Amino acid sequence: MINHGSAHISARLRKMHRDSLIFGPLQYLLMKFYQREISLPAFARGFHLITRHVENSLPEIKDITAGQLHVFIKHTSASLTINENADPTVRKDFESHFNEMVPEDAPYYRHNTEGSDDMPAHVKASILGSSLTVPITNGELNKGIWQGIYLCEHRNHGGSREIVITAFGI
Amino acid sequence: MINHGSAHISARLRKMHRDSLIFGPLQYLLMKFYQREISLPAFARGFHLITRHVENSLPEIKDITAGQLHVFIKHTSASLTINENADPTVRKDFESHFNEMVPEDAPYYRHNTEGSDDMPAHVKASILGSSLTVPITNGELNKGIWQGIYLCEHRNHGGSREIVITAFGI
Amino acid sequence: MINHGSAHISARLRKMHRDSLIFGPLQYLLMKFYQREISLPAFARGFHLITRHVENSLPEIKDITAGQLHVFIKHTSASLTINENADPTVRKDFESHFNEMVPEDAPYYRHNTEGSDDMPAHVKASILGSSLTVPITNGELNKGIWQGIYLCEHRNHGGSREIVITAFGI
């Protein structure tokens, strides 16, 4: 039955639309679901590419024909985003701009006992977000060639960060 | 077997909770999964409604009783968000405010060889995000009546943008 | 066949990687899918913890071994985010900072007929986002111990807000 299902996929995939991919209806197929939790190495305050950490942690992505990758960070003072993966000055400019937009020691902060970098870290984390989702197509992340996954470390000494990586699809 | 599954859904759907919909447990049903990649027409710098582009590109949404729609943009200088779909001045005010909050030619930018609009475009893209997810209920996007999907074009001449649209559910 | 599937899960789960959980490949299992729409009570302008509202509204989360929770707000002047769940001053500082970063009565706003709090509410909603996704592992939200789900009410009198809660997985 599984083999029959696979044959069914191949037939469907050959039926391509002009200038677009289409998968479906594939309601006769069962879902694949993978999930892993990993510790990232400690990064300095700033924005860092972790695309390879993510991809290498879940090689089963290659088994998914059409699906989704979700990455979630289990912290409130670091965050995840997708941005330019080539020029390191982009990541430096992110750090500079977020420090302007969410300054330390603002006179209206009341939560200030954990250091000047603490409250801004919380705000930056919510602006950028605690998770991201990328489509999977034909066993690979279907992202733009200039897109990479950033760990955004907003604390001076954030230490190792835990992320949960989930991939699912058909 | 599929017909049996459909009968099973109908029985479940009739069991409605007071003031809420509930679908599940539906663990006897197989998943539907659809994915398509499309090119949007080139838009001017600013915020633009693309709800119809998205819905028309994946008419199979109507076959999903309970599920999720995910839209992902494969670029780092344009983004996606959900906001007010009626008054065009809201979209103009978004452009005005983001230009104030993430100015061009800030003295701390180092990544400035691709034009004054380039580095702010990257920052705006991460603030707003590269993807969005909307629930699907009874074959339609289950969004508020005032909610629309925006393409946020942050470059002066961004050109055509690629998006990946994925819908899945039961 | 379902029992056979369950035995299959248990065997897989016992095969744990060093310092990480892995679920999969579980392609022989069928998906679970739950969805419910609820009305939150009216909250004052500001940031409020709603983790328990969400969890209590979908107790079926406990039946999911590996999956995803998605929460979506059907409004354009309120939003959802994940942040610190312990010290109430963090939530007050969020309100203070967002009021600085997205001020009322900015001279460039054209959409100003619905009150001074209206246009800033739309902008804040898109900065923070209309939805969030959290992994589910072993029947619980797999979030950090300090992470809570916030309703971000950006209007002075927003009233009750509708959210759609979806959980799925194996």
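Just need the Rg to Rh number for segment B:63-115, please, alpha carbons only, Kirkwood Rh.
The Rg/Rh ratio comes out at 1.12.
List the aspartates and glutamates whose Cα sits under 12 Å from the Cα of C:LYS32, skipping any in the same chain fewer than 8 residues away.
Straight-distance partners of C:LYS32: C:GLU60, C:ASP63.
Enumerate by residue number the GluC sites (Glu not before Pro) in segment C:58-142 meeting two conditions: DSSP loop (anything except H, G, I, E, B), and at most 14 other Cβ atoms within 10 Å of the site's Cβ.
C:GLU104, C:GLU114
In µm²/s, what is D for segment B:89-141 at 4 °C and 1.567 mPa s, where D = kT/(6 pi eta Rh) by Stokes-Einstein and Rh is the Kirkwood radius from Cα pairs?
Calculated translational D: 97 µm²/s.
If each label sits 7 angstrom from Cα along the C-beta direction, how far apart, in nm, is A:PRO107 from its counterparts in the other copies?
Once sorted, the set of distances for A:PRO107 reads 2.2, 2.2 nm.
Compute the label-point distances linking A:GLU55 to its equivalents in the other copies; points lie 7 Å from Cα along Cα→Cβ; give nm, one decimal, shortest first.
3.7, 3.7
Using alpha-carbon positions, what is the distance between the centroids of segment A:92-170 and segment B:123-151, in Å?
Here the two parts' Cα centres lie 21 Å apart.
If you rank B:ARG36, C:ARG110 by how much accessible surface each has, with a 1.4 Å probe, what is the order from largest down?
Correct descending sequence by accessible area is C:ARG110, B:ARG36.
Would you kindly work out, in nm and rounded to one decimal, the distances from the label point of A:ASP87 to those of the same position in each other copy, ordered shortest first, with label points 7 Å along Cα-to-Cβ?
Ordered by distance, the counterparts are at 3.8, 3.8 nm.
Between B:ASN138 and A:LEU141, what is the label-to-label distance in nm when each label sits 7 Å out along the Cα-to-Cβ direction?
Spacing of the two 7 Å Cα→Cβ label points: 3.9 nm.
Quick one: in chain B, whose Cβ comes closest to the B/C rotation axis, and how close in angstrom?
Residue of B nearest the axis onto C, distance in Å: B:MET31, 3.
Could you compute how much accessible area chains A and B hide from each other, both sides summed, with a 1.4 Å probe? Nearest 100 Å² is fine.
Approximately 3400 Å², summed over both chains.
What is the mean projected area of the alpha carbon convex hull for segment A:56-170, to one decimal in square nanometres?
For the Cα atoms of segment A:56-170, the hull's average projected area reads 7.8 nm².
What order do C:LYS143, C:LYS124 take when sorted by accessible area (1.4 Å probe), most exposed first?
My answer, sorted largest first, is C:LYS143, C:LYS124.
Going down the list A:LYS124/C:LYS62; B:LYS143/C:LYS124; A:LYS74/B:LYS143; A:LYS62/B:LYS143; C:LYS62/C:LYS143, which pairs span over 25 Å between their C-alpha atoms?
A:LYS124/C:LYS62; A:LYS74/B:LYS143; A:LYS62/B:LYS143
The values are calculated or read from the model by the stated rules, or taken from the named source; none is laboratory data. Owing to the predicted nature of the structure, the values given are computational and were not obtained by experimental measurement. Heads up, the Cβs are rebuilt from the backbone with ideal geometry, glycines too, and the neighbour counts pull from every protein chain shown. Please note that ligands, DNA and RNA were not included when accessible areas were found on the heavy atoms of the full protein model with its side chains. Shrake-Rupley method; radii C 1.70, N 1.55, O 1.52, S 1.80 Å.
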